[in-house]
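Heads up: the structure comes next, in structure tokens.
The values are calculated or read from the model by the stated rules, or taken from the named source; none is laboratory data. Keep in mind that this is a model prediction, so the values were computed, not measured. In this analysis, Cβ positions are derived from the backbone assuming ideal geometry, glycine residues included, and neighbour counts consider all displayed protein chains. We work out accessible area using only protein heavy atoms, side chains counted, and drop any ligands, DNA or RNA first. Shrake-Rupley method; radii C 1.70, N 1.55, O 1.52, S 1.80 Å.
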Amino acid sequence: MLGSRPDLVKLADTRWDLIVIGGGITGAGILHQAAQLGIKALLVEKHDFSYGTSSRSSKMVHGGLRYLKQGDIRLTRESLQEREHLLRHLPGLVVRQSYLFPLRRGQFPGRWAMTVALWFYDLLAGVRDHRWVSADDLAQRVPALDTRALTGAMRYTDALTDDSRLVMRILHDAVEEGGRAINYCGVNDVSRRSNGDLTLSVTDHAAKADPVRGGTPVTATLVARRVINATGAWADQLSGTPARVRPQRGSHLFVPAQRLPLSECLTLVNPRDGRPVFVFPWEGETCIGTTDLDHRDDPDREPRATRKEIDYLLELVNGFFPDVQLTDADILSTMAGVRPIIASGKGGDPSSERRDHAVWSHDGVITVSGGKLTTFRVIALDALAVAGFIDRHRHRALRRAGPRFAQNSAIPTGLGHPLRRWPEGDALLAEIDWVLQHEMVQHLDDLMLRRTRLGNMLPRGGEERLPVLAKLVCERLGWDQSRWEVEVQRYLDIIQDSYSVQEA
Ligand SMILES: Cc1cc2nc3c(=O)[nH]c(=O)nc-3n(C[C@H](O)[C@H](O)[C@H](O)COP(=O)(O)OP(=O)(O)OC[C@H]3O[C@@H](n4cnc5c(N)ncnc54)[C@H](O)[C@@H]3O)c2cc1C
């Protein structure tokens, strides 16, 4: 289990076989595989674990019909195989979900083209899980959906997860297998020694002398034989090579399930631009997303959904659900993530760029970026192969064997709590208590936005209910009243800047 946060200065006493930079799904996956191979490995994360894209995805563990449409059969097959592995090995955390793909009269794809595509999709996954749903049946399953222009829908299955909880689960297992991990430790630079070792200047942003009034953060020099830069959208900052990442933003909205109740995931194709948008049940509410735009903001500023993106998503949903008519007032929160796309160099429509990952190395630093949440294990094996820890045969054998996770029912899955009703009942409070003791929570936003999703699912980030948490959090984390107040302010500022509806 992850347990309490290590001391950065003590971590500097070890010469590591491998240091992984970045605590998203990619870094966590690499640490997990490395630890299982007996490699002495450490992961360092600049912010919180899963702070980057890995807490802001569409939460789908899926093959991705869009990749099939783009003719990317390898990525689709790889993703579907991983989906099936994760469904088998992480029940409760990765759950099968029914999807409905409504089809419009007179538009491509029609029923037969979709039947062929889904037959192939299921074949690649080794399941048989698709069927036609008539317009009448669809109207019963999704009563508020305007089915007048629809011929019906194709039903198939994929899977959903809580992406942030998935990262935590993998980190817990990695540490259980001998890996080490620390959050709030940013790598400033990496340089090579004459003996081939790499040195990393790392700053611990959490270990300030006085977290209330500030102080000088601690900086230490770590040494490793190999370094893997798994910093996603930030990868170009440490790769030492010309920029390869084309950052693309995708935004989501959360709305109350009472306003838009769904038990199945809907894929709505925007009749204006042909882009698919998912509307799906998640953590007791309804999620709508995503957009797909070049992200040109400062990479060190937390991304946020723009007014234009919010309007785009509302307009699309309101077109399909004319009697619902969602407005800003219905939005519980927004969530924007930045996808690290490996640029083709052709420019053009962001949606048309491939979603593959790439691994490259320069002066001893191996960089891995791009790809999907779903394929984290394959990405990890690829990075470890380039780092020279495994050969081609071992890579293939490990990939085929599937993942290995410890059986641990104590680790929260995130899914299944009706967060809106909180703090009724003790179950969630018990979970929060466990998280505070075992998951290196350093700030209130770690708890509200990543270890749990209270901040996404409650209006105004759950501001009104924060007092319920104060005693427990302060007791477990050793905070006094002034620290609590600083944390509440920091958290509410983040909610306001990055998770709220922006005015025009
Ligand atoms: C809107 C959206 C929807 C998506 N939906 C899906 C989906 O449904 N299914 C799917 O399979 N995939 C999906 N993806 C893709 C998937 O989310 C990403 O591919 C994946 O999360 C990337 O993980 P990562 O670990 O590479 O990057 P990140 O999660 O961004 O992690 C990189 C980490 O590196 C840290 N870091 C940066 N610089 C430093 C430094 N100097 N020192 C230390 N640490 C540093 C950052 O703080 C960050 O936590 C989606 C992506 C987006 C944007």
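Here are a few things to note about the model shown:
- For the peptides 315-327, 141-153, 50-62, the ranking by packing is 50-62, 141-153, 315-327, with the highest mean count of neighbouring Cβ atoms within 10 Å listed first.
- Note: relative contact order over the stretch 252-342, using C-alpha pairs below 8 Å and six or more positions apart, is 35 percent.
- Distance from the Cα centroid of the stretch 448-469 to that of the stretch 357-402 is 36 Å (rounded to whole angstrom).
- Surface composition of the stretch 252-342: carbon plus sulfur atoms hold 51% of the accessible area, using a 1.4 angstrom probe and ignoring ligands, DNA and RNA.
- Per residue, the solvent-accessible area of the stretch 252-342 (1.4 Å probe, heavy atoms of protein chains only, all protein chains present) comes to 37 Å².
- Taking the accessible area of the stretch 419-499, probe 1.4 Å, and keeping the other protein chains in place, the carbon and sulfur fraction comes to 47%.
- Listed residue pairs exceeding 32 Å between alpha carbons, taken from 308/471; 40/69; 40/372: 308/471; 40/69
- Across the stretch 419-499, the mean sequence separation of Cα contacts (distance under 8 Å, 6 or more residues apart), normalised by length, yields a relative contact order of 32 percent.
- Each Lys or Arg adds one and each Asp or Glu takes one away; over the other residues whose Cβ falls under 10 Å from the Cβ of residue 224, this sums to +2.
- Length gained on full extension, residue 88 to residue 410: 114.1 nm, using 0.36 nm per residue less the C-alpha separation.
- The distance between label points at residue 468 and residue 119 comes to 5.1 nm (points 7 Å beyond Cα on the Cα→Cβ vector).
- The protection proxy used here, the mean number of other Cβ atoms lying within 10 Å of each residue, ranks peptides 167-176, 20-29, 129-138 as follows, highest first: 20-29, 167-176, 129-138.
- In nm, spacing of pseudo-spin labels at residue 392 and residue 344 (7 Å Cα→C-beta vector): 2.8 nm
- Each helix, a run of at least 4 DSSP H residues, gives -39500 (n - 2.57); summed and divided by the residues of the chain, these come to -9000 deg cm²/dmol at 222 nm.
- All other residues whose Cβ lies under 12 angstrom from that of residue 199 are scored, Lys and Arg at +1 and Asp and Glu at -1, for a net of +2.
- Neighbours of residue 166, meaning other residues whose beta-carbon lies under 14 angstrom from its beta-carbon, give a summed charge of +4 when Lys and Arg score +1 and Asp and Glu score -1.
- Contact order relative to length of the chain, as percent, for alpha carbon pairs under 8 angstrom and 6 or more apart: 19 percent
- For the stretch 229-300 and the stretch 5-71, distance of Cα centres in Å: 20 Å
- Put simply, the Cα atoms of the chain extend 67, 55, 43 Å along their principal axes, the longest span coming first.
- Counting only Cβ charges, +1 for Lys and Arg and -1 for Asp and Glu, the dipole size of the chain around its Cα centre is about 1740 debye.
- Restricting attention to the chain, close to 75% of DSSP beta bridges with both partner residues there are antiparallel.
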